[in-house]
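Each remark here refers to the structure printed beneath this line.
None of the figures in this text is laboratory data; all of them are computed from the coordinates on show. None of these values were measured; they are calculated from a predicted model. Please note: Cβ atoms are built from the backbone with ideal geometry, for glycine as well, and neighbour counts cover all protein chains shown.
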Ligand SMILES: [Zn+2]
């Protein structure tokens with residue numbers, strides 16, 4: 001009997017160590033991206049010289065929103081046919097070279113997370129935006145796994161804190177903001193009901209000079225994101241809780257929406273209309 005308890009105790013201890021290790025690795029991956037991988041070979045690709053060229057980039061080294069990423073790719077392929085865009089979708093960063101990147105009208109980080117570009121590729125993307133390009137970020141593209149100051153300041157204007165966990169997905173009324181950039185707001189739905197994982201940021205991008213396109217009332221969601229040892233995540237952004245915003249950076253533009261966690265969002269018409277406007281924004 002004694003032996004049984006000894007074996008059971010040791011087994012339990014091993015199980016706890018394994019679970020603790022797996023959880024620790026998961027948290028590290030979500031916060032930093034792991035394993036980090038870089039691609040530098042340019043793809044063989046013919047990019048049209050006329051029309052609107054869109055680069056859809058879905059590489060992740062941090063948290064992977066697999067279902068939303070796949071649904072997003074399928075939807076963008078459909079939109080490209082409908083809107084007459086040339087679409088190149090990839091998870092390889094080799095496309096981030098001066099010559100090829102410069103041929104695109106918009107670069108979309110489709111739930112791209114973690115450290116996905118080399119230092120050189122980062123400089124190329126920064127210069128692409130500042131000289132007239134457009135960077136669009138969807139949901140996970142705004143979490144805190146990227147570790148890149150320019151990206152955070154130019155695309156987000158705010159640092160990600162957490163998202164609700166209890167419950168994770170909540171319904172809210174999405175409202176068009178009066179200060180929205182006119183070309184982005186054109187023809188968009190004023191008020192719509194939407195269920196998503198509402199990201200909470202430490203700052204409001206509005207006070208950082210970003211034009212807010214859509215907000216929710218942060219007082220009407222349950223912001224609690226406390227988990228295990230994290231006990232400081234039970235707060236929200238208040239009534240003025242932006243969920244989509246934009247900025248002009250140099251000659252170029254950035255647009256970010258924190259919506260886009262689950263695959264169903266890609267069936268949500270107002271969300272799609274918003275992204276079409278973002279891609280077509282001139
Ligand atoms: Zn998410």
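Figures for the structure shown
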quantity: Using alpha carbons only: equivalent-ellipsoid semi-axes of the range 94-180, gyration tensor based, whole Å; calculated: 27, 16, 12
quantity: Surface/4 of the Cα convex hull for the chain, nm²; calculated: 17.2 nm²
quantity: Cα gyration tensor, the range 136-282 - rounded (a/c under 1.5), prolate or oblate; calculated: oblate
quantity: Residue exposure sequence - 246, 161 - by fewest surrounding Cβ within 10 Å; calculated: 161, 246
quantity: Sorted by Cβ neighbour density within 10 Å, fewest at the top, the residues 101, 45; calculated: 45, 101
quantity: Crossing angle, helix 119-130 versus the chain [Cα axis fit, 0-90 degrees, rounded to tens]; calculated: 40 degrees
quantity: Theoretical gain in end-to-end length, residue 66 to residue 81 [0.36 nm per residue, Cα-Cα removed]; calculated: 3.1 nm
quantity: Residue exposure sequence - 177, 232, 240, 219 - by fewest surrounding Cβ within 10 Å; calculated: 232, 219, 240, 177
quantity: Cα gyration tensor, the range 59-111 - rounded (a/c under 1.5), prolate or oblate; calculated: oblate
quantity: FRET efficiency estimate (nearest 0.05) - Cβ-Cβ, residue 171 to residue 50, R0 41 angstrom; calculated: 0.45
quantity: DSSP beta bridges in the chain [antiparallel fraction, %, rounded to 5]; calculated: 50 percent
quantity: 0 to 90° range, to nearest 10: angle between helix 2-32 axis and the chain longest Cα axis; calculated: 20 degrees
quantity: Centroid-to-centroid separation of the range 226-255 and the range 158-195 [C-alpha atoms, Å]; calculated: 11 Å
quantity: Spatial separation of Cα centroids for the range 32-104 and the range 260-282, in angstrom; calculated: 16 Å
quantity: Two-site FRET efficiency, residue 22 against residue 153, from Cβ-Cβ distance with R₀ of 41 Å, rounded to 0.05; calculated: 0.75
quantity: DSSP-defined beta bridges in the range 49-201 - what % are antiparallel, rounded to 5; calculated: 35 percent
quantity: The range 229-280: C-alpha gyration tensor shape, a/c 1.5 cut-off, then a/b vs b/c; calculated: oblate
quantity: Degrees separating the helix 269-280 axis from the principal Cα axis of the chain, which is the longest one; calculated: 50 degrees
quantity: Gain on full stretching of the segment that runs from residue 37 to residue 282 - 0.36 nm per residue minus C-alpha separation; calculated: 84.8 nm
quantity: Relative contact order [Cα under 8 Å, 6+ residues apart], the chain, whole percent; calculated: 19 percent
